[in-house]
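Below you'll find the structure, written out as structure tokens, and then a few comments.
Bear in mind that the values in this text are calculations on the coordinates, not laboratory data. Given the structure is predicted, the values throughout are model-derived calculations rather than measurements. Because the Cβ atoms are built from the backbone with ideal geometry, glycine has one as well, and the counts that use them run over all protein chains shown.
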Amino acid sequence: MNLDGARVLVAGATGVLGGALTAELRGRGARPVLAGRDPARLAAAARAHEDAPTVTFDAYDPASCARAVHDSATALGGLDAVVTAFGTVAFGPAAETGDEIAEHLAAVNLLAPTAFFRAAFTVLRPGSAVAALTGVVARRPQAGMADYSASKAALSAWLDAARREVRAGGIRVLEIRPGHLDTGFADRPVAGTAPPMPPGGDPRRVVAAVADALESDAELVLTDQDGTPVVERRTR
């Protein structure tokens, strides 16, 4: 995909990672639509990106996620990529995680992104892509983060299956699976307290790798042990 002029919906654009990705994409000539839940933060983000168009969504309302896709396509005359860069986390023993917390994690980390992509598959054309942030826990679940790990693993599995379905139609599915990043994400759990963690990686390096992956039609971005992003043509 040539990002110069590409029309890209970034869901979670008001977050640290989503904001960095938006800036990276714009630097490569893309035309972003910013999606988020807070109109005031969206307006501020839009001003930082030359009044880019915005749409709101509620992760608990899949219909609003689909509507954000269709409204974005209408605003830009189509879409070339849809990226989800939002999520939520909780910490604590599996036996002590309440049902409401587990449901919240599933809704935000699994059901909302897949709602975006189901809608995206109805408007994207050959040569386009979807991309989702999962994380290293999708393949290496962590103690004290059972429900969070499960929600990300489920999204990763969904991406794997959907990739097989849409590949013949020329649509790429990119999974973004980094390790711990310096975004403050672990400081904002919906439950529990984060355990001691090593310093997070630089999100700017990861979003540069995501843009590289979109341009090269790759299927996976991950980070190695020292936090260096790695772009892989095919998933594993």
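Rounded to the nearest 20, the Cβ-based charge dipole of the chain about its Cα centre (Lys and Arg +1, Asp and Glu -1) stands at 580 debye. Of the residues 66, 112, 169, the one whose Cα sits farthest toward the positive end of the charge dipole of segment 7-232, with +1 on the Cβ of Lys and Arg and -1 on the Cβ of Asp and Glu, is 169.
If I take every Cα pair under 8 Å that is 6 or more residues apart in segment 7-232, average their sequence separation and divide by the length, what percent do I get for the relative contact order? Could you put the intermediate results ahead of the total?
Working: 449 pairs, mean separation 43.4, N = 226.
It comes to 19 percent, rounded to a whole number.
Each of 229, 43, 200 was placed along the dipole of segment 7-232 (beta-carbon charges, centred on the mean Cα), and the one lying farthest toward the positive end is 43. At q = 0.11, 0.15 Å⁻¹, what log₁₀ I(q)/I(0) does a Debye calculation on the Cα points of the chain give, no solvent, two decimals? For the chain at q = 0.11, 0.15 Å⁻¹, log10 I(q)/I(0) is -0.50, -0.97. Calculated mean residue ellipticity at 222 nm for the chain: -12500 deg cm²/dmol, from DSSP H runs with n ≥ 4 weighted as -39500 (n - 2.57), summed, divided by the residue count and rounded to 500.
A cut-off under 15 angstrom between Cβ atoms defines the neighbours of residue 171, and their net charge, with Lys, Arg +1 and Asp, Glu -1, is +1.
For segment 26-73, relative contact order (Cα pairs under 8 Å, six or more residues apart, normalised by length) works out to 33 percent.
If you take the square roots of the eigenvalues of the alpha-carbon gyration tensor of segment 134-236 and sort them as a ≥ b ≥ c, do you get rounded (a/c under 1.5), prolate (a/b over b/c) or oblate? Oblate. Using R0 = 35 Å, the C-beta based FRET efficiency linking residue 139 and residue 50 works out to 0.40. Each peptide in 156-166, 209-219 receives the mean, over its residues, of other Cβ atoms within 10 Å, and ordering these scores from highest gives 209-219, 156-166.
Applying a 10 Å radius around every beta-carbon, put 112-121, 186-195, 46-55 in order of their mean neighbour count, most first.
Values: 112-121: 22.6, 186-195: 14.0, 46-55: 16.1.
Going by the mean number of other Cβ atoms within 10 Å, highest first, we get 112-121, 46-55, 186-195.
With Cβ to Cβ distances under 13 Å as the rule, what net charge do the other residues near residue 77 carry (K, R +1; D, E -1)? Don't skip to the end; give the middle numbers.
Values: positive: 7, 31, 125; negative: 71, 80.
Value of the local net charge: +1.
Once you divide the Cα radius of gyration of segment 2-100 by 2.2 N^0.38 Å, the number left is 1.18.
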